[in-house]
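Shown next, in structure tokens, is the structure this report addresses.
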Amino acid sequence: MDFTAGCIENCLQNEPPFCTAACPFGLDVKDFIGKLQKGNFQTAYKAYMNTVGFPGIVAALCPEPCKGVCPRSECGGAIDLRSLERAALAHARNLEPASYNVPPKRKTVGIIGAGISGLACTLRMVTRGYEVTLFEKTGRIGGHLNDLLPPERFLPDIERQFMHETYELKLDTEIRSLDDLAFDAIYVATGAGGSEFGLVPDPGGAFASNRPGVFLGGSLTGRDTMGALADGLRASHALERFLKVGSMNHPVETITTKLKVDASRITPVSAVVPAEGQVFTPEEAIAEAKRCLLCACDACYRACDLMHYFRKFPKRIAEEIHLSVYPGTLDGNGTLATRLMSTCNQCGLCKEVCPEGIDTGDLFLQGHRAMHAQGAMPWAWHRFFLEDLTFANGEASLSRGGPSGHYLFFPGCQLGASDPRYVKESYRFLRTHWPDTALLLGCCGAPAEWAGDEPRRDEVSAWIRSQWEAFGKPTFVLACPSCRLMFGRHLPEIPTTTLYELLLEHASIPALPESETVSVFDPCAARHDSSVQQAVRHLAEKAGFELQPLPMEGELAQCCSWGGQVAVAHPPYAQFMVKDRTSQADRPYLAYCSNCRDIFAKAGKPVRHILDVVFGLNGPERTPPTLTERRLRRMALKRELLAEFWNETLPAEEPSMDLNISPELKRKLSDAYLLEADIAAVVEHCERTGRKVEDPATGHFFGHLVIGPMTYWVEYRPDPGDGFELLNAYAHRMAIEEA
């Protein structure tokens with residue numbers, strides 16, 4: 001698999017802005033403007049001078065083609081780039097060019113015509129150390145510049161740029177035949193209507209003629225003033241190529257752009273008008289420069305948390321993934337982007353905002369799968385979630401109902417973990433309206449998808465497919481947006497609807513005691529599921545909520561931080577995401593993904609699940625369960641459903657060790673993705689085997705136990721009442737070898 005090929009080649013990241021593409025000199029406007037925005041007039045002037053050759057002349061005569069393509073044209077007026085160029089000249093500390101001690105070249109160059117194009121070519125060739133002779137048939141330099149500007153306007157600029165250079169100028173010298181000249185290379189710039197010496201342009205190279213070593217350009221070839229000047233600068237590259245390698249096929253330099261800018265997203269800002277005179281003051285120039293959008297294709301970078309958090313664009317990401325999957329190290333161990341791959345939420349927003357439809361998230365997923373297949377992806381980042389998948393489709397799974405039902409309710413693995421009543425009340429509703437509705441508790445396989453474990457994901461899909469067939473191929477009623485997305489990708493043959501659409505059509509919604517304004521937070525998995533988006537909003541409105549939109553919702557929905565299950569791979573990044581999401585509005589949120597609801601609630605954001613509203617359950621301040629509580633709630637849900645709907649009971653659970661844990665420590669364990677049952681197993685092991693160490697000063701016991709690939713450590717003491725009190729616990733995600 002080649003991670004640098006395919007759609008990533010269409011990335012527009014490095015496309016020049018519209019103004020640069022329109023500029024005859026190809027001025028790096030973003031660099032120039034960026035310097036002015038910081039008030040760096042000297043460096044801005046240097047960049048401008050190095051590009052255009054004669055900055056005073058260009059600033060005076062440029063017809064400003066950039067204005068015609070500026071996206072700000074209809075949003076406050078195009079950037080006044082020429083006035084900014086003049087401001088750079090006016091406020092730079094030193095206008096003199098740098099002086100370089102360049103060794104002389106043993107090649108001679110003849111330039112015919114001392115107009116703007118010939119002068120420009122002469123400037124570039126002499127600064128590179130070539131011996132140049134400039135011929136002019138009249139008694140003055142400048143050519144048609146003399147018709148456009150008074151000499152006192154343009155001659156000082158020319159003199160300044162040549163102040164450190166030496167060349168031979170021959171005025172009043174008309175060249176009638178090239179055969180009279182003996183130079184290693186010649187540039188013919190005789191101006192509009194000037195002599196072509198019988199030369200014919202050769203399309204095989206820039207400025208090339210049909211005579212080896214002779215080049216044509218400027219107004220002679222139909223260029224306007226700025227084009228003629230630019231020709232002279234660029235022709236110097238063609239001449240130098242010929243002088244070095246004898247080739248006339250220097251490539252034609254053209255600047256085009258595929259850049260796309262959504263004008264509807266541009267905030268209008270009025271143009272700055274000089275208060276006095278025609279030149280911006282430094283403050284005015286900075287203000288006008290700051291109006292510039294610095295046009296770039298960075299929609300993905302601005303929208304994607306991962307890209308701007310790690311300061312990486314898609315092309316850089318593709319390179320790092322490639323180097324990880326195909327490492328160049330001797331041991332073949334590519335780890336450059338493993339953490340980065342595990343930090344992508346797989347939300348799909350990058351593709352949504354990209355004008356080329358590039359799915360960088362899929363690039364991450366491909367890399368993740370390749371690394372998993374090689375056994376090179378760190379197991380620690382996904383172990384908890386894959387074991388939770390095993391639990392959901394094993395011990396906590398439940399399959400009940402007849403084979404002839406119209407519907408089968410599949411709530412997903414996290415809805416009941418958040419609050420078992422979400423599932424019980426929903427199933428009661430479905431059974432009330434469709435009594436033969438079957439039930440399947442389990443996981444759709446998203447954790448395996450996010451871990452890059454395709455065999456495990458396919459195994460889950462096969463299990464769900466077999467259940468569907470056993471139930472007579474009913475329509476699945478889904479409550480989890482991630483399940484809906486997974487079914488669409490990997491089980492397209494199974495017909496689905498959502499719980500929320502059925503609730504909207506058939507449920508009686510209790511009214512709020514008084515009106516409340518909230519914002520619906522769309523989960524990223526539902527970005528293209530407009531039917532469920534609208535169903536949830538209509539349910540909220542029926543309950544009496546006033547809805548205010550969030551900056552990013554619907555097709556631009558952002559991940560709450562659960563997707564991809566990145567919190568283990570990069571906790572600070574997950575925290576950054578949660579802080580951003582919860583701060584987008586001061587209003588309470590209304591969620592229809594239980595993960596969104598619980599993550600925001602943990603961060604202190606007032607939030608309800610739409611099922612809280614429909615069934616009159618929790619208020620916006622409910623504390624989310626710990627990971628251990630989520631496991632216990634799923635088992636309780638299974639027991640309660642079996643008892644209520646099928647009059648069945650499960651065998652009694654074996655009593656566990658009496659281990660007292662404070663609420664604060666419970667939350668700490670949950671944040672570290674440690675289950676209390678595993679910690680209790682460590683304490684039980686220490687007590688049963690005596691493998692523990694006592695601190696005589698405190699009476700605390702310390703011990704450890706390797707469970708699977710992890711090593712758990714505990715600090716505990718006998719509880720004054722009964723059992724033991726856990727004082728602290730942590731784990732190393734590695735197995736310690738013991739004698």
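A few points about this structure:
- Of the residues making up segment 556-579, those that are assigned to a loop (DSSP other than H, G, I, E, B) and either of a type in the set (Ser, Thr, Tyr) or in contact with a Pro (Cβ under 6 Å, 6 or more places away or on another chain) (or both) number 1.
Let's see how each residue does on (1) free of Cβ contacts under 8 Å to residues at least 24 places away in the same chain; (2) charged (D, E, K, R); (3) not in a helix (DSSP H, G or I):
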site	(1), (2), (3)
253	no, yes, yes
270	no, no, yes
280	no, no, yes
284	no, yes, no
288	no, yes, no
324	no, no, no
355	no, no, yes
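- Given (1) buried (at least 24 other Cβ atoms within 10 Å of the Cβ); (2) in contact (Cβ under 8 Å) with a residue 60 or more places away in the chain; (3) over 35 Å from the mean Cα position of the chain (by Cα), index of the condition residue 438 fails: (2)
- Single residue of 620, 624, 571 found to be of a type outside the set (Phe, Trp, Tyr) and either farther than 30 Å from residue 508 by Cα or at pLDDT 95 or above (or both): 571
- Residue check, residue 294 out of contact with any helix residue (DSSP H, G or I) (no Cβ under 6 Å at 6 or more places or on another chain) and either under 27 Å from residue 489 (Cα atoms) or in contact (Cβ under 8 Å) with a residue 24 or more places away in the chain (or both): no
- Within this structure, residue 321 passes the test of being within 29 Å of residue 566 (Cα to Cα), out of contact with any strand residue (DSSP E or B) (no Cβ under 7 Å at 6 or more places or on another chain), buried (at least 16 other Cβ atoms within 10 Å of the Cβ) and among the β-branched types (Val, Ile, Thr).
- Single unsatisfied condition, residue 361 versus (1) of a type in the set (Gly, Ala, Ser); (2) touching a helix residue (DSSP H, G or I) at 6+ places or on another chain (Cβ under 8 Å); (3) part of a helix (DSSP H, G or I); (4) in contact (Cβ under 8 Å) with a residue 60 or more places away in the chain: (4)
- Verdict on residue 651 being part of a loop (DSSP other than H, G, I, E, B), modelled with pLDDT under 95 and more than 34 Å from the chain's Cα centre (by Cα): yes
- For segment 273-289, a residue qualifies if it is surrounded by 14 or more Cβ atoms within 10 Å (Cβ to Cβ) and at pLDDT 95 or above, and the qualifying residues are 280, 281, 284, 285, 286, 287, 288, 289.
- Of the helices (runs of 4 or more DSSP H) lying entirely inside segment 9-71, the ones with 2 or more residues being without any contact (Cβ under 8 Å) to a residue 24 or more places away in the chain are found at 29-37, 41-52.
- Just so you know, in segment 255-268 the residues that are not polar (S, T, N, Q) and not in a loop (DSSP other than H, G, I, E, B) include one that is nearest to the chain's Cα centre (by Cα), and it is 265.
- Members of segment 503-544 found to be more than 15 Å from residue 426 (Cβ to Cβ) and of a type in the set (S, T, N, Q), listed by number: 515, 517, 519, 530, 531, 533, 534
The values are calculated or read from the model by the stated rules, or taken from the named source; none is laboratory data. Nothing here was measured: the structure is a model prediction, and the numbers come from that model. Don't worry about glycine lacking a Cβ; one is built from the backbone with ideal geometry, like all the others, and counts go over all protein chains shown.
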